[in-house]
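**Student:** Pasting a structure here, questions to come.
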Amino acid sequence: MSGGGTIHSPDFLLGWVGEKPGMKVAVFSSKPYDKHFLNAANAGVGHELIYYDTKLDVNTAPLVGDAPAVCVFVHDVLNRATLEILRQCGVKLIALRCTGFNHVDLQAAGELGLTVVRVTAYSPYSVAEHAVGLILTLSRKYHRAYNRVREGNFSLDGLLGFDLHARTVGIIGTGKIGMVFAQILEGFGCRLLGYDTCPNPNFPKLNRAEYVSLDELYAQSDIISLHCPLLPETYHLIDRAALAKMKPGVILINVSRGALIDTEAVIEGLKSRKIGALGLDVYEEEEGLFFQDLSFQIIQDDVFQRLLTFPNVLVTGHQAFFTQEALTDIAKITISNISDFAAGRPCPHEIRYTPKP
Ligand code: NAD
């Protein structure tokens, strides 16, 4: 307990560790790296972190036991049914260890009196640099060269690339990640076309950067990279109609959210060669695939498997965020969010349902 005796621990707290209240937290979808970074951030803070490798959904929610908080990631299912069970178990706090919250029914959470906090920002360099890595791999064919050289094949046939310098890159969403991505490509000497529903005053200050309409971006870009959130209005933003407006041979990059792209339309675009190359770190149906080792299983998703047959498609399994710096930021902010709640302080990273006007 605190030294002064004037602070009373709410009933959901474990007690006080030094001057700090500790909370019991059920951490779902936890991998060894989550444990490593969360334990490091929690050192000396005193929350009791109980790790479950299973994902949170309506069936696993009772695992929460008497923990008043859950900590979850992008594939945990936080729909109304799950939230109701959590509430019945006495949960008060949902701490997301990610930025996106499209998987949380915020309206239900609000009605059930559940506080939801998230990691509003972490190293944007992690995701932006990964997007640039996908572009370079596709444009210079590193993925093919790697295998070739290992087999003693030093022929350059089929590896012809192109300079990024002076190419036009369209950036949809110029927030934290989109801006870092733009700055990196400014360094390559690219021309940058931005589109954002809420323009960033710093974007047009970059060399050779300007905002244009979405149609102009589609018509003029050699490379298009998506850095906007998944919202009802951005669902399948890249569909047949959008592809029809793009340059033949366009390179498409999506490190944002899978459902920004209509995958079947993109497969048609690859078959017709409208799309010159495709780099994905996210996939609309990734939930049953990514973050697990399925190398001994028969993958049932034929659309995904078709994607993998193209020589000019590169897919990574939602790893753009996966750097030491980003995981350190995520863990520190998550623990700090939990501490704010435990101490009864307002949390700057709380998110609430806002009805559409
Ligand atoms: P951010 O909020 O800083 O920026 C998003 C930008 O998109 C904002 O400028 C916003 O105005 C703009 N935007 C919103 N709606 C738009 C629309 N309809 N058209 C064009 N622009 C629109 O977010 P951020 O931190 O830069 O993250 C961007 C996205 O990256 C996240 O939403 C998330 O989906 C994704 N992400 C992916 C990974 C990964 O590991 N692959 C990790 C973190 C984030």
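The values are calculated or read from the model by the stated rules, or taken from the named source; none is laboratory data. All of these numbers come straight from a predicted model, not from anything done at the bench. Glycine gets a Cβ as well: all are built from the backbone with ideal geometry, and neighbour counts include every protein chain shown. All accessible areas refer to the heavy atoms of the entire protein, side chains included, with ligands and DNA or RNA removed. Shrake-Rupley method; radii C 1.70, N 1.55, O 1.52, S 1.80 Å.
**Student:** If I stretch the segment between ILE299 and GLU325 completely, what's the gain in nm (0.36 nm per residue apart, minus their alpha carbon distance), one decimal?
**Tutor:** 6.1 nm
**Student:** Compute the accessible area per residue over the range 227-344, keeping the other protein chains in place, probe 1.4 Å, unit Å².
**Tutor:** Computed with neighbouring chains in place, this is 47 Å² per residue.
**Student:** For the chain, how big is the tail of P(r) above 31 Å, as a whole percent of Cα pairs?
**Tutor:** Value for the chain: 41 percent of Cα pairs lie more than 31 Å apart.
**Student:** Measure up LYS35/LYS55; LYS245/LYS271; LYS176/LYS247; LYS24/LYS332; LYS31/LYS332; LYS245/LYS356 against 20 Å on the Cα-Cα distance and list the ones that go over.
**Tutor:** LYS176/LYS247; LYS245/LYS356
**Student:** I've got another one for you. Report GLU151's accessible area, 1.4 Å probe, all protein chains in place, as a number in Å² to the nearest 10.
**Tutor:** About 150 Å², ignoring ligands and nucleic acids.
**Student:** Would you mind checking the tilt of helix 124-140 against the longest principal axis of the Cα atoms of the chain, expressed as 0 to 90 degrees and rounded to 10?
**Tutor:** That helix lies at roughly 20 degrees to the long axis.
**Student:** With labels modelled as points extended 7 Å from the Cα through the Cβ direction, what inter-label distance (nm, one decimal) is found for LYS245 paired with LYS271?
**Tutor:** Result: 2.5 nm between the two label points.
**Student:** Additional query: Please compute the Kirkwood hydrodynamic radius over the range 124-315, one decimal place, Å, based on all pairs of different Cα atoms.
**Tutor:** 17.2
**Student:** Using the alpha-carbon atoms, what tilt in degrees (0 to 90, nearest 10) does helix 176-187 show relative to the longest principal axis of the chain?
**Tutor:** Once rounded, one gets 30 degrees.
**Student:** Give the angle, between 0 and 90 degrees and rounded to the nearest 10, that separates the Cα long axis of helix 324-342 from the longest principal axis of the Cα atoms of the chain.
**Tutor:** The two axes meet at around 30 degrees.
**Student:** Run through the DSSP bridge list for the chain and note the antiparallel percent, rounded to the nearest 5.
**Tutor:** 15
**Student:** Right, next: At what distance in nm do the modelled label points of ARG306 and ILE184 sit from each other, each positioned 7 Å from its Cα along Cα→Cβ?
**Tutor:** Distance between the two pseudo-spin positions: 3.0 nm.
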